[in-house]
Structures are given as structure tokens and as C-alpha cells.
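The values are calculated or read from the model by the stated rules, or taken from the named source; none is laboratory data. What you see is a predicted model; the values in this text were computed from it and never measured. Please note: Cβ atoms are built from the backbone with ideal geometry, for glycine as well, and neighbour counts cover all protein chains shown.
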């Protein structure tokens, strides 16, 4: 009772024929190197390579998947040690935080968080029992002891995880000191960045002027006009590219795209510099900047990613107290057919340009995204994102997208995680779900076995390497 | 041929492993008492405890699930004895109505109506054959004879059904005479009410002034201003609570919420008193009243329910001839992320407040509702409602909501029925579908068996008791 | 390796019980005659009955399902021999086109295109291997040789396919010369038309005046007013009906309906005659004309079809170079509850009127379309259309629509194809998926076997015959 069960056939269909084919397919890809082409691991972890401090700081405090679920059940973020920005007292003792985590661990039943954590506990830390109120401190002490060992330092874990490439995400002004340090070190791990200029695009944000200042400093370009802003962006893209980046990313509330004239863009930009821009200005400016980012990608070859449709910081109370990324970013209905049309008409027929689209609105898989990706040469579908990076979420994606977009207009898996230790758990889950999906098709005589073997290898490794130019 | 087949394994996956686990899980919950925390049974049935008159009046005439399907196939509502409000002649002979029902019974193939009716015929009335043109009168006479027996009087049926609590729904001005009569009787059945003030909120409705008059009379408060209206609402909530209510309910076309000032509210209210309000006034007023109802719930502890997204009385012809609730309420696209934001920002972090949300727009399960319920401590997800209270509807709900919201941000089952005799059929269907869902997770090694047993018991009994404070 | 596998159990669930029931159900319907009540085969093929020229012109060039997928992977339409309208040079050698097709055939893995083509290659041409780079020319020569034979001429194929009725689609001005020629020939094949007046409804289109001219000529009515336009439409409907048509069809971006006065309609019409109408005029005019088409259908008994929700010619570059129907029609969010309300209120209660609705927005199946069809006597649901005419698409339709709309508010299968040779492949796929869907219900004890047998026969043959008055 309470044993962690990493059954060899987990996540496969119960039917024995499908299960047997799934197992065969999975066994061929399970040990392939991990390519993580998009995510949010802090590169400092790998440049400094310091031991992780304790189980709570490693596994709970940085993981909004975990604390949002606790919060939804009435457990305060303060008690979980989540850093407040308004000076509210928060729990400091990692052991007390760990106790709450273990006591309420049952809340994750049926969620991907539990599946990832089970993998981490068992495969990474050799723990046999699910956490609960009684074993909380035994598990804590066990993990704490391991974290002091050399083999549990970040680079050792990275190597043990068989990660071929890990891509992080940095803002436009980042000097990439950690990436440089890693590159210049004797360690061979391949850690690259992706260019994410959201903070300098959100002209309505209170922080925007400050962000422009940082961009100006980083690019050594005085930014006093739309034109100089574009130059600074181009400069930073160039720097990121030289540092190994192969992609950019943008998080937008809507994927609205529209070209405006440089003069109109400058008018909006000047208003923003005066602190006078409004929500509509921002919408138009970002719609235009998506066009410009596509133009730059066509020029410099960086893959363009768009993550659309999240209303960030839905909960004002939490935002004021704890800041962003506290599990209160909530998806919105998201329209792609009309919104992406200007961008796809201008750049979508250009085979030098590559656009990867992510969504939180699953109703668009079959209605909008698969038909678009099944037509435009430059557009590909990113894997299920965030809440949908789960067994059922991945199944819905494959079942709704494949018949129209095919396999080769998708790009393999992204783990998109901040939780470094969960990387192999997430890739393993995806490899299992994909193997299972293909096995179902084999048993139903939709795919031949040799076809399924090839596709599975492409999904687990080749497609991501090709799509992200890695 | 035509035998009613209530197979022990009905509604379970065909695969033998899943089926065996589902059966085991189901057997542990099938006999648990029924808690019906939200529905529309007429309490007069149980206060008067008179014998039901005849099969047509018992099973067909009150059930819009049944007559809407017949109407969609060209069978007139007149011929089914549905009471007209414009004096149109309707069929009076219950035997003729019953004949039409039996002859066209095949139209329910594959619908939940057939599954519920099969249960009622077999388990409640001991009938072995599905109705058809030939056996119509035999079945009629059989049921008619039973209805005269003591053991088929409403309270006997209630007791036999093992109903622990039945919650009905009454409008704001209701004096709850039947609830009082039941309470004061020697019968032990627990029948409580829920407060549903829709008719006094719909300021644009032609009946509104009349409804305000009834509210005024019931509360003994002269309602001539927004302020006195609020007092009257608070007064009635208090009365309902004293009579045992633990919840309120509101049916709204959109879950739009927005606080306006008391002065603005009063201006709208005064216009309404003059019969001058319009669709936009109503939208703003209801948006504000949802905020106020949340405030009151925070104060008095009544659970707040919102059923959103139905365009009522879509068919004008039918509405003019037969009135509301004739199977012509049609769902709409419904937005929750932006619409509920004001309410959740003001009350959603308050653990004393509890909000249960229902939807007819399944695309929001994974996109909006599960992420919201997986964050805000006060928000929970109601079960699949109305058209989605079905095998496939429940499966979609569990598969789309669980991975993000978990199990414990849901509230168990509501039968939401007017059809008293169908209550155990509906709960049994849900217990089977939940057992089957959990069995699939066990066989796929997503859940351990002991975990599934506990969750299944929570879904069938504990969660509803806790969520509705019963 | 690479063998075409048309396994007897293909597309059925893997579980042996379901598979066995599915096989039994399928065997009862697999040889029923094909009724194709809606599609786009060119009737000239059957009136002229000439040998098909070559494999590329037969299978690739007319099939946008095929070339859109190739285009999405960077293969130019020019290289596939797609006729340009701007004089761009295109590939002329069918053998070179065929080579590209075979080399890239793997792109169809998991798509319905592959399932249909496998059937065509194996069942129609007796080919045992999937096309690839190596066998391309062998297959080409094999097919080319067969195409010269008498038994591969169109009428012979039609007869061999066991097509009882084939319905094509013609524009309002069509003289139906091919239909007349077929009717007057000694050949017994039943090929009828459907009336599709889109080109004369799209008043904003540049071609509209030209189309009105053609309509005027065909109807011998001078069209200088809304009134004469209506007369011309009525005249053509009458002609189509006399020629055997039983249905009309309209493709609209939105199913918005609204009656305007004849005077308003004439004002819009006069503006259009002056070349001065705009997007809003068109929306209002088409919304009104849907009402008028419903009125005419109520009068003349033609079944009314609406295919809504496609943004045609999304890709301007391709549209300017190659014209319409190049795989760049992309679905949109589509609203039916409010949009169809005026039409359904005016005509939906009339049992003489029959409206069949198609959608590309699957989120409306359970939310809007099934509830509407489950209420209004005149409204029925068309089968999954276009991108959703696929295994998973059909499953989603049945699982989401059946519980609310029942079986008898649906109308059986449409192949909707331009690809003559794929007709039996498409019907066979649907019969398999329906058999499998019903088998699942039998094994889960939702349906009895005799019920499933009857429903399956209705879905494969009776419903389409009755719904389209064939």
C-alpha cells in the first residue's frame, strides 16, 4: 500500500494486443537522448553547478503546478514558502513545507504532476513509497542526504539524464553569462538559449520603460524611436544567435497579427515612451511586432515560436502579494484562422521561415491549427502545452491533429519546464503516450508496424532536431 | 428480442481487466445512500404523498427529455398531452399518449433517456420488455395497477430509493409550505430547498414587476429601491436557510460579473420599476447581482451555484403555445475566464465562500474551468449538466477536467431532475461511469487500486456531502 | 514490407468482443448499394464516358487533399502540375508528377487520404504495394494500362461500384447538359444534381455581375431588381427539380440568418448592381437569402443544405496564382444557436421543410447542433464534413451528437468528393466506423444487438434515402 508503481506498461491501453505493440515501440525509443528544445530551467543551476539546497526548495517552491493545486484546496502560499513581494511573513522551514506537501500529496491523484513526481522519487531518488503524512520526514532526510552527493549535482544529473540539448529561455536584455560560462567550462553539456522579448513588447506594462532601458543598455543602442527599437531587437537576436540560440519565443494573449506602417508604429512607440499607451495600442503594437519578428526570422533563420491565449495573473490578490507565475494564468478562447492570416500571407509561403504555434485552446486543434499547418509550408504545430502536457491532453492532440496535419507538420515534444528534475519524467511520459497512440493505429490497421517504428523515432528525436535546427 | 437488459457490467469498458476492476469498484459504492444536492422534483409530491395518477402523467408529460425528442421527429406536443397555455386542444387520454410513446420508443436508442427508462421499467416496475407498439397497453396496465399500491406512493418510493437527502429548487418568494409540511410530518425523509431568485433578477422580463410584488409580499418588505430589494433578498435567503437550505442557484445566459456602485444599481432598478429596462440593463444588473449573491454567500454560508450558458425558449412558436421548459433551451458558447474574474478576485480567495460552476459548453472544461478551479480556493466544478449528464458526457468531463483540476475540486454528482422516478437510475449511471473511469486509470497504472477505491467513495458520497454542507 | 494491408478488421476496436460484433454488423451492410447524396464529381466524366487519361490527372491533380499536404511540406504546386491562372510554368509530364507523389507518399501516414488511396490501389487497381520512390513507375504503368480498358471507363466503374444514386453539385446557371445527356443515354446510372447558388449570392465578389448575367441568361429573366433576382432563383430551382434534383446547398462563412424587408433587400441589391456593395451588405443579403431559400424549400420541397464556417482562400499568394479550391480553405469558429434562430423560428416547426446542417467546428456538435436537431422537427445533422470525414472525426461526431440528437436526427453519410474513384473507399470507411461505434455500444450493453443491426442498416442506406427523398 502506497508503493510507487512504475509498471513497465504504464499509460498503455489495457488491451493486450495494443499493449504489446506499444511496449515494443516504446522500447525502441525509451533510451534515445533527450532534446529539450523549449523550457524554463534556470541556466545558473548548470553554470554554478552547486548542490541543491533541500527537497522543498528543489521540488515544491519553484513548481507552480504543485502549489497552485494546494492553494486551490485552501492551503496558503505563505505556508508553502512561496516568496512574497509585499513583505508578508512566509514559512522558512523547508521541513514544515515538506510536511504539508506530503500530507496533501493525495490531491495530485490522476494528474500529470503525480506521474512526474512518482518518476522523480523512484527513478532519481530511489524512493519506493508515495509521500504521506507518516513517511514525510524519512523521505525528506533521504533526499536531503543524496543532494549533498557529487552525483546529485546539476551537471551530473544532466549527464545522467542523457540530455543532448537543453534550451532555456531568456529575455531580450539578458547577457547570457551563464550560457557563456557553461560554454567556456570543461563540461560538455549543451545548454542554449531562446530569445524571448515579451517584456519589451508589452508597451502598456508599468515595467516597460525600465525594460527598454535594459534593452538599450544591452544593445548599446539609444532607443528613442520605433526604428532604434527594431535595431536593438535585431542586435539582440544576432547576439543570441551567436551564443547558439536557434529560436525565439513570444507569449501573447491573442495571436492577432497586422502590419502597420513604420510611421504608425513610431507614433505608438512615442506614446509608449511618454507612458501614454493603452490596451489597444499594445494589441496593435504586438500584432505588428509579430509580423516584424517573422520578417527577422526569415532573415536570420531563427525558428519563431508563439505561445498564445493565456490571461496572465488572473488573481489580483495573489499577483500583488506574490507576483507572476503563481498558477493563476488562465487560458482564453483563442482564434488563429483570422488572426494569423496577415502573417501567414506575408511569410507563410516562404520555406526559409519556420513558425511553431502553441495553444491552450484545444478546440482549435482540429478546427484551425491542423488545417493551417496542413497547408502553409512554414507553419508547424507545437506539442500540447502546459495544462495539456498530460496523458489525455496528448491523446486529444494526436487524435484531433494527425488526420488533417499529418505527423510531419508537428515538431515532437517540448517539456517547457522549470523543474529540472522532471525532465526525463516528462519525456518518458510523452514517449509512452506516443508509442501507445501509434500502437492503437497499428492494431487497427491504420499504420503498418514498420511505419509506426519510423514515426515513433521521428516523434521522439528526429522531428525536434530538424524543426529546431539542433 | 426487446428484453430489457440490465447487465451487471453495463457501461463498463469491454476489456476484461478494466471491466473486472470497474465491477469491483462499482460494487463498493452501488448501495451507498443517494444524496441529491440539486434538482427540480416538486416537493408537493412528497408532502401530499398521493398516488401517482397514471403512467403518462408520471413518466411522459413532465419529462422534456422525452417529448423534445418526439417533437424533433414531427410528433406534436398536443398529441403528447403537453399542457398548452393558449387554449389549443391537447390529447387528454393518457392511454393514447402512452401508445405514441411506446410506438416511438426506438427514437431513444443510444440516449441516456433510454438508459434511465430501462432502469425505471425493470428495477422500479419489474417490466422485462422494452415498450413497443404491441406491448404498450400491457405495460400501461401493469404500471397503472402498481401505482395504486401503498408501496408505490411517493414517500415509500423515496425510502426504497435510499435517498438520504433530496434538494429541490424554489423561487425567492416561495413560502416552502411543502417543505414545512414534510418537516412537521411523522415521515423521516430529508427534503430541503435551494434558493433560486432568477425571476426577480430578470428585470427585462414582462413578469418581473409581478415577481417583485410576490417577493415584497413574501419578505414583508416594500421594494421600491435597489436597497430594499437587497434587503428582501437577504431576508428570503435567511428564511430559506432556516428552513434547511444550504445552497442557492442562478441560471444565467452568461456568467458575466461586474460590480457597479449602489447608485448605478439603483438607477437601473428604478428604470426597471418603470418598465423601462432593456437587455443591456439586465446584463449589467445580473452581473452585479452575481457579485452581491457571492457577498451574501460569504456572509451566510450558503453555497453559490451558477448554471450558465443556455438560451432559454429558443423556439418562439412553442414558447407562445406551451410556455417555458419544453426542450427548446439551447446552449451557447460561454466564456468564464474573463467573465468570472471580477467575482473571483473579490471573493475567490475567501475560503468561507464556495462557488459551484456548471456549464453547457464542454470546450471550457479543459480551457477555462479546470484551470480556474485548480487555482481559486472557493471555486469547484459542478458535474456535467443536462445534455451532458450522459455516459459520454461524463467521460469527457472526467478526462478533460481531472488532470488539471484534480478530483477534489469537483463536487460529485447532481441528478438535476424533475423526474422523481429516475433518481436512482441517474445516480447508478454516474456511479458506473465513475467506477469505469477509475478502473481505466487503475489498469493503466495511473492510479493504485486503494487510491481508486477511496476516490470512488468520495465521488459517490463524501464529496457531495462536504461540498453542499449536508 | 510496404504491402497494402486491407485487413478485414481494419478500423475496429482491438478488443476481441467489440471486434467480433463490429465485423458481424459490418458484414450486413458492406454490400449495400452506395447512395451519394452530396458531392462534387464532374458529371461530364459520366456523360462523355471517356477513358481517364493518366494516373496523375486521375488521382493527384484534382485532389486538394493530396496536394495541400505536399504543399505544406514545401513541395510546390507547380511541380505537381496544378493549373496556374497567371501563366506560371507548371510541370506537364504526368510521370514526373507521379514520382513526386510516390516519393512523398509517407506524408499521408495516419490520414484518411492514405486509407482511401490504399483502398483505391488495392481494390480498384489490384496493386499490392504502397507507392514509394522505387515502385513509382511500375505502379504508374500498371494503372495507365488498366485505364485504357473498357472496364475502367467511368460508367463501368460506376456500375462496378454499385452506386444507386450519385448527386453532383451545379451552380444556378448550369444548363445540366451532362445530366440530360446521361438521362437520355441508354445507360441506367442515376446521376442527379443539386442546386448551389453561392456565386449569385456573393454580391461583394468581383465576379458577381458576371454571374448575375449568366443567371439571367439561363433563366431568361432580366435581373434588374431583387424581385426579378428571386424570380430567377425560383425559376432555376424549378428547372433543377425537373431535372431530378432533390436538394440545394449553400456554402456560407457564417450561418447568420435574418429577414429584412423586400425593400431593404432591393436597396442592397441595387447597390450591388452598381458594384458598390461591401462585406456587411453581403452578410445581410446572404442572411436574408438563407431565409428565402428556406421559404422556397418549404414551397417546392427541395432539401436545404448549409455548409458553414469556412474562410475560403486563406492564402492570397496561392489564390492569385492558382485560384480557389487549393486546400487553403480554413475553418472558423461558427455559431449556430443565435444565427439559425430566425430561420428556425420561421420554418423550423414546419414538417414539410427539411434543413441539413454541416459544420467544420466540432465544438458545436454537443453544444449547439445536437440540441437544435433534438428539438426542431425540420432540422437534421449532416455527417462530419471535409477535414472531419475521417475515423476520429466520425467517432467524435457520433459520441458527441448521438446522446442528445439520437440517431434519427442524423442523415447517414455524404462522401462530398471530387475524387470519383474514392467513393467506395469513403463509404466503406464510414460503414466500418459506424459498425464499430455500434459494436462498442452493444458490448457495453447500451444497445441490444437487434437494435444495432437495424440502426446500422439505417445509417448505411435508409436514412440517406429518406432524408434526401431519393
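The one condition from (1) closer than 30 Å to residue C:247 by Cα; (2) in contact (Cβ under 8 Å) with a residue 60 or more places away in the chain; (3) in contact with a strand residue (DSSP E or B) (Cβ under 8 Å, 6 or more places away or on another chain) that residue C:171 does not meet is (2). Here the helices (runs of 4 or more DSSP H) wholly within segment A:422-468 that include at least 3 residues being closer than 23 Å to residue A:65 by Cβ, touching a residue at least 60 places away in the same chain (Cβ under 8 Å) and under 22 Å from the mean Cα position of the chain (by Cα) are A:423-443.
Put simply, of A:33, A:55 the only residue that is modelled with pLDDT of 95 or more and crowded, with 21+ Cβ neighbours inside 10 Å is A:55. Collect the residues in segment B:381-399 that are within 9 Å of chain A (Cβ to nearest Cβ) and surrounded by fewer than 24 Cβ atoms within 10 Å (Cβ to Cβ), keeping them in residue-number order. Scanning segment B:381-399 gives a single hit, B:399. Any chance segment B:442-463 includes a residue that's surrounded by fewer than 24 Cβ atoms within 10 Å (Cβ to Cβ), away from chain A (no Cβ under 14 Å) and at pLDDT 95 or above? Yes; the residues of segment B:442-463 include at least one that is surrounded by fewer than 24 Cβ atoms within 10 Å (Cβ to Cβ), away from chain A (no Cβ under 14 Å) and at pLDDT 95 or above.
Condition first: within 14 Å of chain C (Cβ to nearest Cβ) and over 22 Å from residue B:53 (Cα atoms). Can you find one or more residues in segment B:83-97 that meet it? Spell out how you get there, then give the answer.
First, the residues of segment B:83-97 that are within 14 Å of chain C (Cβ to nearest Cβ): B:88.
Cutting the leftovers down to over 22 Å from residue B:53 (Cα atoms) gives us B:88.
Yes, that holds for at least one residue.
Taking the criterion of being in contact (Cβ under 8 Å) with a residue 40 or more places away in the chain and touching a helix residue (DSSP H, G or I) at 6+ places or on another chain (Cβ under 7 Å), the residues of segment C:193-209 that qualify are C:193, C:195, C:197, C:201, C:202, C:203, C:204, C:208. Looking across segment B:305-339, the residues that are within 11 Å of chain C (Cβ to nearest Cβ) and in a helix (DSSP H, G or I) come down to B:316, B:317, B:318, B:319, B:320, B:321. Take the conditions (1) more than 7 Å from every other protein chain (Cβ to nearest Cβ); (2) in contact with a helix residue (DSSP H, G or I) (Cβ under 8 Å, 6 or more places away or on another chain); (3) not in a loop (DSSP other than H, G, I, E, B); residue C:358 misses just one of them, which is (2).
With the requirement that a residue be more than 15 Å from residue C:468 (Cβ to Cβ) and assigned to a strand (DSSP E or B), what does segment C:155-189 give you? Those that are more than 15 Å from residue C:468 (Cβ to Cβ) and assigned to a strand (DSSP E or B): C:170, C:171. Check whether at least one residue in segment B:120-127 is touching a residue at least 40 places away in the same chain (Cβ under 8 Å) and within 19 Å of residue B:329 (Cβ to Cβ), and report yes or no. So far as segment B:120-127 goes, no, none of its residues is touching a residue at least 40 places away in the same chain (Cβ under 8 Å) and within 19 Å of residue B:329 (Cβ to Cβ). Among the residues of segment C:242-253, just one is touching a helix residue (DSSP H, G or I) at 6+ places or on another chain (Cβ under 6 Å) and farther than 21 Å from residue C:380 by Cα, namely C:243. The test for being away from chain C (no Cβ under 14 Å) and either over 25 Å from residue B:378 (Cβ atoms) or touching a strand residue (DSSP E or B) at 6+ places or on another chain (Cβ under 9 Å) (or both) holds for residue B:302. Among the numbered conditions (1) part of a loop (DSSP other than H, G, I, E, B); (2) farther than 23 Å from residue C:327 by Cα, the only one that residue A:392 does not meet is (1).
Scanning segment B:73-100 for residues that are in contact (Cβ under 8 Å) with a residue 60 or more places away in the chain and surrounded by 14 or more Cβ atoms within 10 Å (Cβ to Cβ) gives B:77, B:82, B:84. When residues in segment C:90-103 are screened for being touching a helix residue (DSSP H, G or I) at 6+ places or on another chain (Cβ under 7 Å) and part of a loop (DSSP other than H, G, I, E, B), 2 of them pass.
Taking residues in segment A:41-70 that are at positive phi and touching a residue at least 12 places away in the same chain (Cβ under 8 Å), and partners anywhere that are buried (at least 20 other Cβ atoms within 10 Å of the Cβ) and part of a helix (DSSP H, G or I), the pairs with Cβ atoms closer than 6 Å and at least 6 places apart or on different chains are A:49/A:154. Counting the residues of segment C:83-100 that are within 24 Å of the chain's Cα centre (by Cα) and under 26 Å from residue A:410 (Cα atoms) gives 0. Number of residues in segment C:273-304 that are modelled with pLDDT of 95 or more and not in a helix (DSSP H, G or I) equals 5.
Please specify each residue of segment A:250-266 satisfying the condition of being assigned to a loop (DSSP other than H, G, I, E, B) and over 30 Å from the mean Cα position of the chain (by Cα). The answer is A:260, A:261.
Criterion applied to C:137, C:115 was being more than 23 Å from residue C:326 (Cα to Cα), outside the structural domain of residue C:415 (by TED's automatic domain parsing) and modelled with pLDDT of 95 or more, and the one residue passing it is C:137. Taking the criterion of being facing chain C (nearest Cβ under 7 Å) and either under 30 Å from residue C:325 (Cβ atoms) or surrounded by 23 or more Cβ atoms within 10 Å (Cβ to Cβ) (or both), would at least one residue in segment A:421-432 satisfy it? No, because not a single residue in segment A:421-432 is facing chain C (nearest Cβ under 7 Å) and either under 30 Å from residue C:325 (Cβ atoms) or surrounded by 23 or more Cβ atoms within 10 Å (Cβ to Cβ) (or both).
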